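The values are calculated or read from the model by the stated rules, or taken from the named source; none is laboratory data. As the structure is a prediction and not an experimental result, all values here were calculated from the model. Glycine gets a Cβ as well: all are built from the backbone with ideal geometry, and neighbour counts include every protein chain shown.
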Amino acid sequence: MATITARKRIWGWYFFDWASQPYNTLMLTFIFGPYFAQTATAALVEGGMDISAAKAQAQAYWGYGLAVAGITIAILAPILGAVADSSGKRLPWIWLFSLLYVIGSGALWWTAPQDFSVLWALFFFGIGLIGMEFATIFTNAYLPELHPDPNERGRISGDGWAFGYAGGVLALIIIIALFQSGSSGKTMAGLSPLFGLDPATKADTRAVGPLTAIWYALFMIPFFLYIRDTPKPAAARYRLGKGLSDLGRTLRNLPRHPSLMAYLGSSMFYRDALNGMYTFGGLYASGVLEWSIQEIGLFGILAAISGAIFCVIGGRVDRRIGPMPVIVFCCIILIFTACLIISLTPTSVLGMTVAGGSALPDIMFYVAGALIGAAGGALQASSRNMMTRQGNPDRMTESFGLYALSGKATSFLAPALIAVASDITGSQRLGITPVVGLFIIGLVLLVWVKPNGDFSK
């Protein structure tokens, strides 16, 4: 067997980000999420509900569905991470969760408006989301093995995230240029949707599910070709008891590692807030600004391009001064961006009324999208690298399982708070306000985080 060089191994690892990003870009944020909201809203209005209440209720459904998936991930992530570390094998788990990714996304083809089921749509979307999130846990755990220098790992993490954003941009361009029709019945490229997909049944939009599944299956090939598990002496063979015992010991010892505990707490809140902005951005544009799917797609392209650019820049800054300053700066930018979004209505910006028909609210939302992409991408890349500094080097999959737990232990919180705020206020716009508080809590907890963690020698 030919030797797998370090360069091939790094590029194989990059391809997971490229393969998996469309679930975030196409499914969660810019195409399927708004489609779900629009379709659920139409069904509620047909049932006699007022339009504004229906929009808020559809957003609430989406929030509760994501909350359930988040709780599932939070409970299982550290357990599976501990089992994987005890066995020394991660690849079989990645195969398993890749299968869930493909099944969950592919099944969303069967969500046509004429027989739309909220439960069916949320169930299979959740299956795909769980597959994507768990696969990410195990692939992230390979990062410390890609380079011995922590500073270089910051660059690698940033480049990987940028590569993923580039994949998301390309996938999004393909969708809106070749498949997604506008009001004219033509795609952004002026074509009829490929394969005769009928806009009347929303086949041009529903196709995003199977296309995301195919994209992932195709581009995971380099990952599986070039990534190998490192043999672990005296490894157990998928013993749940051993994994749980090791996890229990790690959790009991957390108070002895205050920097790790503070970082897990901090990232728990600020990543949850960021995911809330990603998840509900498209729904917000659709419901508050009344954008079409095509307009939301363009918004997504802008956000992803800015994300790719600033992931590379953030990775270089990370390599030079470490991940902590990058994380703090990005959180501050995202707080101001969230406040900007909350202030936007079709007739006002930052509380100031604009002339009827003014394009300024739309322009400012595009600006907000670029800021979310830039700061969010750099934040996630540096957060991933920060975890390699905070976690136990001998238990890195478990550490990333705890990292996923910290990201998902409250992952139900942002969607649930947004859902509850949307229900109480009856307003999509005001429903977004909880993310500001979550970012602030995350920033405060960073005060107790050591830049190089508790395990540094």
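What do you reckon, is Gly154 closer than 16 Å to Met386 by Cα, crowded, with 21+ Cβ neighbours inside 10 Å, in contact (Cβ under 8 Å) with a residue 60 or more places away in the chain and within 21 Å of the chain's Cα centre (by Cα)? Give the steps one after another, and end with the answer.
On the way: closer than 16 Å to Met386 by Cα: yes; crowded, with 21+ Cβ neighbours inside 10 Å: yes; in contact (Cβ under 8 Å) with a residue 60 or more places away in the chain: yes; within 21 Å of the chain's Cα centre (by Cα): yes.
The answer is yes for Gly154.
Being out of contact with any helix residue (DSSP H, G or I) (no Cβ under 8 Å at 6 or more places or on another chain) and over 16 Å from Ile31 (Cα atoms) is a property that Pro78 lacks. Total residues in region 135-191 satisfying the condition of being over 27 Å from Leu100 (Cβ atoms), touching a Pro at 6+ places or on another chain (Cβ under 8 Å) and assigned to a loop (DSSP other than H, G, I, E, B): the figure is 3. Does Met352 satisfy being more than 13 Å from Met277 (Cα to Cα), in contact (Cβ under 8 Å) with a residue 60 or more places away in the chain and out of contact with any Cys (no Cβ under 7 Å at 6 or more places or on another chain)? Considered against the rule, which asks whether it is more than 13 Å from Met277 (Cα to Cα), in contact (Cβ under 8 Å) with a residue 60 or more places away in the chain and out of contact with any Cys (no Cβ under 7 Å at 6 or more places or on another chain), Met352 comes out as no. Scanning region 292-311 for residues that are over 30 Å from Ser184 (Cα atoms) and surrounded by 19 or more Cβ atoms within 10 Å (Cβ to Cβ) yields Gly307, Ala308, Phe310, Cys311.
Against the definition (surrounded by 20 or more Cβ atoms within 10 Å (Cβ to Cβ) and without any contact (Cβ under 8 Å) to a residue 60 or more places away in the chain), how does Trp13 come out, yes or no? It is false that Trp13 is surrounded by 20 or more Cβ atoms within 10 Å (Cβ to Cβ) and without any contact (Cβ under 8 Å) to a residue 60 or more places away in the chain.
Of all residues in region 186-209, those that are farther than 17 Å from Phe36 by Cβ have Cβ atoms under 9 Å from Cβ atoms of residues that are crowded, with 21+ Cβ neighbours inside 10 Å and basic (Lys, Arg), 6 or more apart or on another chain, in Leu197/Arg206.
Scanning region 301-328 for residues that are over 13 Å from Gly377 (Cβ atoms) and not β-branched (Val, Ile, Thr) yields Arg316, Arg319, Arg320, Gly322, Pro323, Met324, Pro325.
Just to be sure before I move on: is Arg228 touching a Leu at 6+ places or on another chain (Cβ under 9 Å), part of a loop (DSSP other than H, G, I, E, B) and at pLDDT below 95 in the structure I sent? So Arg228 passes the test. The residue list Leu108, Leu28 contains one member that is crowded, with 24+ Cβ neighbours inside 10 Å, over 23 Å from Tyr142 (Cβ atoms) and not hydroxyl-bearing (Ser, Thr, Tyr), which is Leu108.
Inspect region 192-209 for any residue being among the hydroxyl-bearing types (Ser, Thr, Tyr), part of a loop (DSSP other than H, G, I, E, B) and closer than 15 Å to Gly297 by Cβ and give the result as yes or no. Working first, answer last.
Taking region 192-209 and keeping what is among the hydroxyl-bearing types (Ser, Thr, Tyr), we get 192, 201, 205.
Checking which are part of a loop (DSSP other than H, G, I, E, B) leaves us with 192.
Okay, now just the ones that are also closer than 15 Å to Gly297 by Cβ, so none.
No.
Among the criteria (1) surrounded by fewer than 17 Cβ atoms within 10 Å (Cβ to Cβ); (2) among the charged types (D, E, K, R); (3) modelled with pLDDT of 80 or more, the one Asp149 does not fulfil is (3). Determine, yes or no, whether Ile51 is more than 17 Å from Ala416 (Cα to Cα), among the β-branched types (Val, Ile, Thr), out of contact with any Phe, Trp or Tyr (no Cβ under 6 Å at 6 or more places or on another chain) and free of Cβ contacts under 8 Å to residues at least 40 places away in the same chain. For Ile51, the condition - more than 17 Å from Ala416 (Cα to Cα), among the β-branched types (Val, Ile, Thr), out of contact with any Phe, Trp or Tyr (no Cβ under 6 Å at 6 or more places or on another chain) and free of Cβ contacts under 8 Å to residues at least 40 places away in the same chain - is met.
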